[in-house]
Amino acid sequence: MKDDGFLFSGYARLPQDVSHQALYKRVGVVIEVDEAGIILDASTSLMMDTAREFFAKLIVGRSVLNERPEIEAVIRYRYRGHSQGALLSALGKVFESVDQSPLVLGQAAGPLPSAKQKDSGTETYG
C-alpha cells in the first residue's frame, strides 16, 4: 500500500425533516485524494446505502483543487435528497481542510513525517 494520499473530512448539521436526524445530528463527508488532488474514494455517514453510493459516484475522479464548482454543481443538480444542503456544507469543510494541507500549501505545511527522524529535544551533548 502506498502512503502518498490524503484523507479529509467535514461535518454539517442535518435538516430537521431527515429521518435519521434524531439519531445523528450531523452528516459527515470523508474523501481520499491522491497527491494530484483527484478524489479516489468518498463516503458519507448517510444511513441509506444508495444515497452514500450515489454521492461517491458523483465526486470520485474529480479534482478537489480545480473542480470545486463542478463538484458542487453536480451535487446540486443530481443529488435531490433532503440532505443535499448538509452534504454541500460538509463538503465545504472538506475543501477548507484541503486548503490548509500540503496539497495547497506545499512545503509550507511541513516535511513528510519519517520514522527515521530523530525526536527533537532528545539529543545529548558532551
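What follows draws every value from the coordinates through simple rules; no lab data is involved. For clarity, every value in this text was computed on a predicted model and none was experimentally measured. No Cβ is skipped: glycine too gets one built from the backbone with ideal geometry, and neighbour counts run over all protein chains shown.
When Tyr77, Tyr11 are arranged by Cβ crowding within 10 Å, least crowded first, meaning fewest neighbours, the order is Tyr77, Tyr11.
For Arg62, nonlocal amide neighbours, meaning residues 5 or more places apart or on other chains whose placed amide H falls under 5 Å from its own, are Ile39. Straightening the chain between Asp4 and Ala56 buys 16.6 nm, computed as 0.36 nm per residue apart minus the Cα-Cα spacing. Our coupling estimate for region 56-67, obtained by passing each phi through the Karplus curve with A = 6.51, B = -1.76, C = 1.60 and θ = phi - 60°, is 4, 4, 5, 10, 4, x, 9, 9, 7, 8, 9, 10 Hz, Gly and Pro reported as x. Computed extension length for Tyr79-Arg26: 17.3 nm, one decimal, from 0.36 nm per residue of separation with the Cα-Cα distance subtracted.
Rounded to whole numbers, the Karplus 3J(HN,Hα) couplings from phi for region 72-89 are 5, 5, 5, 5, 4, 7, 9, 8, 9, x, 5, 8, 3, x, 5, 4, 5, 5 Hz, using 6.51 cos²θ - 1.76 cosθ + 1.60 with θ = phi - 60°, and x at Gly and Pro.
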